[in-house]
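Below is one structure; the comments refer to it alone.
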Amino acid sequence: MSIKEIWVDCETGGTDVRHHPLLQISGEIIIDGKSEEKFDIFMRNENQVLDNDALKVIGRTPIEIATWQSPHEAYAQFKRILGRHVNQYDKSDKFHWFGYNPRFDMDFVREWFLRQSDKYFGSYFWTPPIDVWMLAMYGQMRQRADFKDAKLGTVAQWYGVDVTRFNAHNAQDDIAITQELYKKVCEVLCIKH
């Protein structure tokens, strides 16, 4: 059986999965170590609150967001991508979800599925997700007090990733940073991937 990875990062209009919208889902699909597809999907909010502080962090405005496709159109696009790589009716054919604090992203995507009347999110993804953040913290337990915070950029720099060549809070760049961090963490923890 192939090992299917999906590296995901989302940008949202806030931190509350029930009240704030998913605005961007980006990712890379890797099957047996080979990159198969990258995606970057934007969607407008419908009936959810946009938190101004969250919009400042991601550098977006409500006017810009209003021009994006509907959540339903974005959902259909995402499902087509998933369907090219996973058979949702085969219980043994699923993606391993990778990310930095991926539970946050996974919860927003699961809620997005539910808003589209799709309760079969678990047909595509194994749980729990692979959390690079937790692995990184495990690898640096003795130095944990030395970290100024646990943000992706801070932790990646600690492990020697040059984050200056990336745009923070751009989902595609956050995925690239997380992937580089994962490689460094695997070296420290002697994990063969």
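Side notes on the structure shown:
- Number of positions in segment 28-47 that are in a loop (DSSP other than H, G, I, E, B) and at pLDDT 95 or above: 4
- Condition check for Ser70: open to solvent by less than 70 Å² (accessible area, probe 1.4 Å), in contact (Cβ under 8 Å) with a residue 60 or more places away in the chain and not β-branched (Val, Ile, Thr): no
- Residue within segment 78-98 that is part of a strand (DSSP E or B), touching a residue at least 40 places away in the same chain (Cβ under 8 Å) and polar (S, T, N, Q) present: no
- A search for C-beta distances below 7 Å between a residue of segment 163-175 that is outside any helix (DSSP H, G or I) and any residue that is of a type in the set (A, V, I, L, M), counting only pairs 6+ apart in sequence or on different chains, returns Phe166/Ala176; Phe166/Ile177; His169/Val57; His169/Ile58.
- Some residue of segment 112-127 being surrounded by fewer than 17 Cβ atoms within 10 Å (Cβ to Cβ), assigned to a helix (DSSP H, G or I) and either in contact with a Pro (Cβ under 9 Å, 6 or more places away or on another chain) or modelled with pLDDT under 95 (or both): yes
- The set of residues in segment 10-50 being of a type in the set (Val, Ile, Thr) and touching a Leu at 6+ places or on another chain (Cβ under 8 Å) consists of Thr12 alone.
- Contacts under 7 angstrom Cβ, first residue in segment 140-156 being without any contact (Cβ under 8 Å) to a residue 12 or more places away in the chain, partner open to solvent by 60 Å² or more (accessible area, probe 1.4 Å), 6 or more apart: Phe147/Trp158; Thr154/Lys148
- Each residue in segment 48-63 was checked for being in a helix (DSSP H, G or I) and either in contact with a His (Cβ under 8 Å, 6 or more places away or on another chain) or open to solvent by 80 Å² or more (accessible area, probe 1.4 Å) (or both), and 7 of them qualify.
- Within segment 179-191, residues that are on the phi < 0 side of the Ramachandran plot and in contact (Cβ under 8 Å) with a residue 60 or more places away in the chain have Cβ atoms under 6 Å from residues that are among the aliphatic types (A, V, I, L, M) and open to solvent by less than 20 Å² (accessible area, probe 1.4 Å) in these pairs: Leu181/Val132; Leu181/Ala156; Leu181/Val161; Tyr182/Val132, counting only partners at least 6 apart in sequence or on another chain.
- Annotation: of all residues in segment 155-178 being modelled with pLDDT of 95 or more and touching a Phe, Trp or Tyr at 6+ places or on another chain (Cβ under 6 Å), the one that is nearest to Gln24 (Cα to Cα) is Ile175.
- The listed residue being closer than 21 Å to Ile175 by Cβ and surrounded by fewer than 20 Cβ atoms within 10 Å (Cβ to Cβ), out of Asp107, Asp93: Asp107
- Residue list for segment 107-163, filter: of a type in the set (Phe, Trp, Tyr) and under 28 Å from Arg18 (Cβ atoms): Phe108, Trp112, Phe113, Tyr120, Phe121, Tyr124, Phe125, Trp126, Trp133
The values are calculated or read from the model by the stated rules, or taken from the named source; none is laboratory data. What you see is a predicted model; the values in this text were computed from it and never measured. Glycine gets a Cβ as well: all are built from the backbone with ideal geometry, and neighbour counts include every protein chain shown. Heads up: the accessible areas ignore ligands, DNA and RNA and are worked out on the full protein's heavy atoms, side chains in. Shrake-Rupley method; radii C 1.70, N 1.55, O 1.52, S 1.80 Å.
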